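The values are calculated or read from the model by the stated rules, or taken from the named source; none is laboratory data. Worth saying up front: this structure is predicted, and the values here are computed from it rather than measured. Cβ: placed from backbone, ideal geometry, glycine included. Neighbour counts: every protein chain shown.
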Amino acid sequence: MSVYFLWDTFVSISDVKKIGFGFVVHGLASFGVYILAFKPSLQYYGASFIMFEASTIFLNINWWLDKLGMTGSKLQLYNAVTLLFLYLTVRIMFGSYMSYHLFEDLKARGTQTSAPLYYFYRIANGSILLLSYYWFYLLIVGAMKRFSSKKLSKKTE
């Protein structure tokens, strides 16, 4: 998984003007977290946090539907509903829940985790969580633009 996020970081850096610095932060933070997951103290969280990516397939489908000229179609609407549901439940709700437990576990372990690793995990995970909240807001705004009642009524005429 670490290699995917390394690749994601390089792609994000090469296209930072178009997609934004948040993707670079996401790639770097995720790469660091997964490469450091080989340390035995926090491996439990790796499997939980990779579930954050469950919504990515629907985000990619949405992108492809735009490229195929199917923007605003019923298929894209169904995909958008699935994307928003998964994003909310997996990244926002489950992600916040697991992040809270990670932070509590880091506090409890104290001396078992080195100070740099402790702060890296807190900053990286906190950054990813904040980006998830922000991106969820952008997904809702994008869906509202695509599927406003005016646009939907024109599609059905």
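Yes/no per residue for (1) without any contact (Cβ under 8 Å) to a residue 12 or more places away in the chain; (2) under 18 Å from LEU59 (Cα atoms); (3) in a helix (DSSP H, G or I):
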site: LYS107; (1), (2), (3): yes, no, yes
site: SER127; (1), (2), (3): no, no, yes
site: LEU130; (1), (2), (3): yes, no, yes
site: TYR134; (1), (2), (3): no, yes, yes
site: VAL141; (1), (2), (3): yes, yes, yes
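When we screen LEU83, LEU102 for residues that are closer than 21 Å to ILE50 by Cα, under 22 Å from the mean Cα position of the chain (by Cα) and modelled with pLDDT of 95 or more, the only hit is LEU83.
Applying the selection to the stretch 13-50, what residues are modelled with pLDDT of 85 or more, within 28 Å of LEU75 (Cα to Cα) and either surrounded by 14 or more Cβ atoms within 10 Å (Cβ to Cβ) or within 15 Å of the chain's Cα centre (by Cα) (or both)? Residues satisfying the conditions are ILE19, GLY20, PHE23.
Of the listed requirements (1) more than 26 Å from ILE35 (Cα to Cα); (2) in a helix (DSSP H, G or I); (3) touching a residue at least 12 places away in the same chain (Cβ under 8 Å), VAL90 misses just one: (1).
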